[in-house]
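Notes to accompany the following structure.
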Amino acid sequence: MAQQIAVLVEHLEGQPTDVTFELLGLARRIANTNGAPVEALLFGQGVRHLAETIPADRVVLVEDPRLRYLTPEATAVTLATLLRADPPRLALIPNTSLGMDVAAWVAAALDWPLIAYCEGLETRDGQLVATAQLFGGKILADVLIDDRPTVISALAGAFAADAMQPEPPGTIERRDPPSELAALHTRSVVLERPEAADVDITRAEKIVAVGRGIESKDNLELAEQLAQALGAVLAASRPLVDAGWLPRSRQVGKSGLKVKPKLYFALGISGAPEHLEGMKDAELIIAVNKDPKAPIFSVADYGVVADLFEVAEALLERLEG
Amino acid sequence: MTIVVVMEQVPDVVEELAIAPSGTDLDRDAVSYVVNEYDDHALEEALLLAEATGDEVVAVGIDTTGELDQALYTALAKGARRAIKLTGDFEGTWLSTRAAARLLVPVIQELEPRLVLTGVQAPDDLDGQLAPTLAALLGWPHASVVIGSQLVDGALQVRKELWGGMTMTLELELPAVLGVQAARQAPRYVPISRVRQVMREATIETRDVETSGDLAPAIMRLRFPEEAGQAEILTGSASEIADRIIELLRARGLL
């Protein structure tokens, strides 16, 4: 029997995230080529019900109050303990806010190789090759996975969820929490959900989104005018929200909101992978950017390589004229 | 007490990138380097913490480009008290995260900080992010995707961003390692005249470090993403483009 393909189940208080099923789908496809079992690693508190819906050959369940939230230290320590005791062929971890805290920690602690930002994984001539997205999505790196157990930190949205319908696992194995959990250096955890926002961009049919190319806060007015003329709401990529120009409720991307409008009109957004993750499923994407190699053009239906202000002003003239 | 900020120079991804003939690295001659933008946020967060507590900020970097001085002088001009540069036989090398962390650990241990901050990620960290890697090697607690922090009575409160606007506030014992996504406020601006003044008055401490083993990440091949799925590019004057866009929107019933 080939070594198992392990998947860390990401969830928030028992609610699994989409990327968990994407990684289980990926694990199943690899397993189908080499006969390895798919093993889901589920940590939490009161999550037995979730274990019963995970499509894996085996679910390893560790329950403990200190694992109620998948906090960096508790999750990393538990995961490293399990992986060390029974090394898998691959350990698949989402490259999300929670997963990023864990993948590099575990790989360094076990001295195993890690491939981060993974967006592709396939067998070529009998060997596993991972593809990682680097340099803001402008370059891909193919990496040969050698014989050692390897940690893969995979991008959300990059892999198809194989079985959309949850199906019961083969077996559920409960394990004791590792003794290291008694000596954590993380004291308390509080989860905060966002307050109701003025505008829910996830429900908007049309979005005008602005990025760094907008250059200054004063220029937002032009974008806001264009949004109004198009009957759209204004959203932004991360740097503008970090600068405090727009509230977090308007942020599209990995750490912001995922949107699927009928129109996504991107002004001055280069399209970092974290941004694309939040908008690439929009029905129609039109992007304006000065850089012809901007990654946004790889997901856009229509692209304009030009000064965004000239294009926005010309559009406004027609829409308002 | 000491707060260490680890700063790195990375290829500017806004510029056009070329792949070296070897196929396993960028064409480094064609690359222009900038400070990793998240490291800039880490420095800002460190300075804000230090301003509240009286801690001393020490900027530490591995000079893989021969151009790190500018970044470190800028850090000093912004308020860091010391700057330390690690040099060795890795100039022009793509240093893996693991190799970088191994070089940094002895320096961090010697400085005995109560906190280490660095950027949440870098454009070239193929083998994972630096903050959790350092945390594992140092045996210290950590958090990434940090958007705010506070030192209260010897403990650290950290706000970590999840998704959809959700955040998690953690209390960590010190010493700890943070991967900073965004400082509480935009990184401060420092005029070039101030940086020049610092260059005359301050010195960057240089440590020559020994390396061993593989330094670069193991790569078979670098390539550009396939052109498939490329946007249809609209050309013409701004007004011709505007007409075309309006036509497209009308055709789809979006106007």
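The values are calculated or read from the model by the stated rules, or taken from the named source; none is laboratory data. Since this is a predicted model, take the numbers as computed values, not measurements. Virtual Cβ from ideal backbone geometry, glycine too; neighbours counted across all protein chains shown. These area figures cover heavy atoms from the full protein model, side chains too; ligands, DNA and RNA do not enter into them. Shrake-Rupley method; radii C 1.70, N 1.55, O 1.52, S 1.80 Å.
State which residue pairs qualify: first residue farther than 12 Å from A:LEU315 by Cα and facing chain A (nearest Cβ under 7 Å) and inside the range B:238-255, second residue of a type in the set (D, E, K, R) and open to solvent by less than 80 Å² (accessible area, probe 1.4 Å) in any location, beta carbons under 9 Å apart, and separation of 6 or more residues or different chains. The qualifying pairs are B:LEU248/A:ASP301; B:LEU254/A:LYS206.
In the range A:108-124, the residue that is farthest from the other protein chains (Cβ to nearest Cβ) out of those that are open to solvent by less than 30 Å² (accessible area, probe 1.4 Å) and assigned to a strand (DSSP E or B) is A:LEU121. Within the range B:113-145, the set of residues being on the phi > 0 side of the Ramachandran plot and small (Gly, Ala, Ser) comprises B:GLY128, B:GLY139. The set of residues in the range B:151-168 that are facing chain A (nearest Cβ under 9 Å), assigned to a strand (DSSP E or B) and open to solvent by less than 30 Å² (accessible area, probe 1.4 Å) comprises B:ALA155, B:LYS160, B:GLU161, B:THR167, B:MET168. Looking only at the range A:289-302, residues that are assigned to a loop (DSSP other than H, G, I, E, B) and surrounded by fewer than 24 Cβ atoms within 10 Å (Cβ to Cβ) come to 6 in all. Scan the range B:31-73 for residues that are away from chain A (no Cβ under 14 Å) and in a strand (DSSP E or B) and jot them down. Once the filter is applied, which keeps residues that are away from chain A (no Cβ under 14 Å) and in a strand (DSSP E or B), the range B:31-73 yields B:VAL35, B:GLU56, B:VAL57, B:VAL58, B:ALA59, B:VAL60, B:GLY61, B:ILE62.
Any residue in the range A:242-250 that is within 21 Å of B:GLU232 (Cα to Cα), open to solvent by 20 Å² or more (accessible area, probe 1.4 Å), touching a strand residue (DSSP E or B) at 6+ places or on another chain (Cβ under 9 Å) and of a type in the set (D, E, K, R)? Write out each step before concluding.
Within the range A:242-250, the subset within 21 Å of B:GLU232 (Cα to Cα) is none.
Among the residues of the range A:242-250, not one is within 21 Å of B:GLU232 (Cα to Cα), open to solvent by 20 Å² or more (accessible area, probe 1.4 Å), touching a strand residue (DSSP E or B) at 6+ places or on another chain (Cβ under 9 Å) and of a type in the set (D, E, K, R), which makes the answer no.
Filtered by the rule that a residue be over 21 Å from A:ILE296 (Cα atoms) and assigned to a loop (DSSP other than H, G, I, E, B), the range B:1-30 gives B:MET1, B:GLU8, B:ALA20, B:PRO21, B:SER22, B:GLY23, B:THR24, B:ASP25, B:ASP27.
Has the range A:289-304 got at least one residue that is of a type in the set (Asp, Glu) and either over 23 Å from the mean Cα position of the chain (by Cα) or more than 12 Å from chain B (Cβ to nearest Cβ) (or both)?
The answer is yes, given that some residue of the range A:289-304 is of a type in the set (Asp, Glu) and either over 23 Å from the mean Cα position of the chain (by Cα) or more than 12 Å from chain B (Cβ to nearest Cβ) (or both).
Listed by position, the helices (runs of 4 or more DSSP H) contained in the range A:1-93 that have at least 3 residues being in contact (Cβ under 8 Å) with a residue 60 or more places away in the chain and under 27 Å from A:ALA183 (Cα atoms) are A:72-85.
Quickly run through the range A:130-150 and pick out the residues that are assigned to a strand (DSSP E or B) and facing another protein chain (nearest Cβ under 7 Å).
Looking only at the range A:130-150, we keep the residues that are assigned to a strand (DSSP E or B), and these are A:130-134, A:139-144, A:150.
Residues satisfying the conditions are A:ALA132, A:LEU134, A:ILE139, A:LEU140, A:ALA141, A:ASP142, A:VAL143, A:LEU144.
Just checking, how many residues over the range A:303-321 are free of Cβ contacts under 8 Å to residues at least 12 places away in the same chain and surrounded by fewer than 19 Cβ atoms within 10 Å (Cβ to Cβ)?
Qualifying residue count, the range A:303-321: 4.
Somewhere in the range B:35-48, is a residue β-branched (Val, Ile, Thr) and surrounded by fewer than 18 Cβ atoms within 10 Å (Cβ to Cβ)?
Of the residues in the range B:35-48, the ones β-branched (Val, Ile, Thr) are B:35.
Adding the requirement that they be surrounded by fewer than 18 Cβ atoms within 10 Å (Cβ to Cβ) leaves none.
Looking for residues that are β-branched (Val, Ile, Thr) and surrounded by fewer than 18 Cβ atoms within 10 Å (Cβ to Cβ), one finds none in the range B:35-48, hence no.
Please verify whether the range A:229-240 includes one or more residues that are open to solvent by 70 Å² or more (accessible area, probe 1.4 Å) and at pLDDT below 95. No, every residue in the range A:229-240 fails to be open to solvent by 70 Å² or more (accessible area, probe 1.4 Å) and at pLDDT below 95.
Filter the range A:171-212 down to the residues that are of a type in the set (Val, Ile, Thr) and either within 12 Å of another protein chain (Cβ to nearest Cβ) or part of a strand (DSSP E or B) (or both) and list them by number. I'd like the intermediate steps shown before the answer.
Quick first cut of the range A:171-212, residues of a type in the set (Val, Ile, Thr) only: A:171-172, A:186, A:189-190, A:199, A:201-202, A:207-208, A:210.
Hits for the range A:171-212 are A:THR171, A:ILE172, A:THR186, A:VAL189, A:VAL190, A:ILE201, A:THR202, A:ILE207, A:VAL208, A:VAL210.
Within the range A:244-288, if we keep just the residues that are within 9 Å of chain B (Cβ to nearest Cβ), assigned to a strand (DSSP E or B) and more than 22 Å from B:ARG250 (Cα to Cα), the residue that is nearest to the chain's Cα centre (by Cα) turns out to be A:LEU257.
Among the residues of the range B:185-208 satisfying the criterion of being in a loop (DSSP other than H, G, I, E, B) and hydroxyl-bearing (Ser, Thr, Tyr), which is farthest from A:THR186 (Cα to Cα)? Show your work before the answer.
In the first step, residues of the range B:185-208 are kept if they are in a loop (DSSP other than H, G, I, E, B); the result is B:185-191, B:202-204.
Now drop any that are not hydroxyl-bearing (Ser, Thr, Tyr), which leaves B:189, B:203.
Working: B:TYR189: 34, B:THR203: 37 Å.
Restricting to residues being in a loop (DSSP other than H, G, I, E, B) and hydroxyl-bearing (Ser, Thr, Tyr), the top hit is B:THR203.
Scanning the range A:110-141 for residues that are closer than 29 Å to B:LEU138 by Cα and touching a Phe, Trp or Tyr at 6+ places or on another chain (Cβ under 8 Å) yields A:ALA132, A:GLN133, A:LEU134.
For the range A:174-199, the set of residues classified as surrounded by 13 or more Cβ atoms within 10 Å (Cβ to Cβ) and over 17 Å from A:LEU257 (Cα atoms) consists of A:ARG175, A:PRO177, A:PRO178, A:GLU180, A:LEU181, A:LEU184, A:HIS185, A:THR186, A:ARG187, A:VAL189, A:LEU191, listed by residue number. If you check B:ALA182 against the conditions, is it within 30 Å of A:HIS11 (Cα to Cα), open to solvent by less than 60 Å² (accessible area, probe 1.4 Å) and in a loop (DSSP other than H, G, I, E, B)? Yes: the conditions hold for B:ALA182. Do we have B:LEU222 as within 11 Å of another protein chain (Cβ to nearest Cβ), surrounded by 13 or more Cβ atoms within 10 Å (Cβ to Cβ), over 26 Å from the mean Cα position of the chain (by Cα) and farther than 28 Å from A:ARG248 by Cβ here? So B:LEU222 fails the test. Hey, does the range B:42-50 have a residue that's among the charged types (D, E, K, R), touching a strand residue (DSSP E or B) at 6+ places or on another chain (Cβ under 9 Å) and at pLDDT below 95? Looking through the range B:42-50, none of the residues is among the charged types (D, E, K, R), touching a strand residue (DSSP E or B) at 6+ places or on another chain (Cβ under 9 Å) and at pLDDT below 95. Of the residues making up the range A:73-83, at least one is modelled with pLDDT of 95 or more, open to solvent by 10 Å² or more (accessible area, probe 1.4 Å), of a type in the set (Val, Ile, Thr) and touching an Asp or Glu at 6+ places or on another chain (Cβ under 8 Å).
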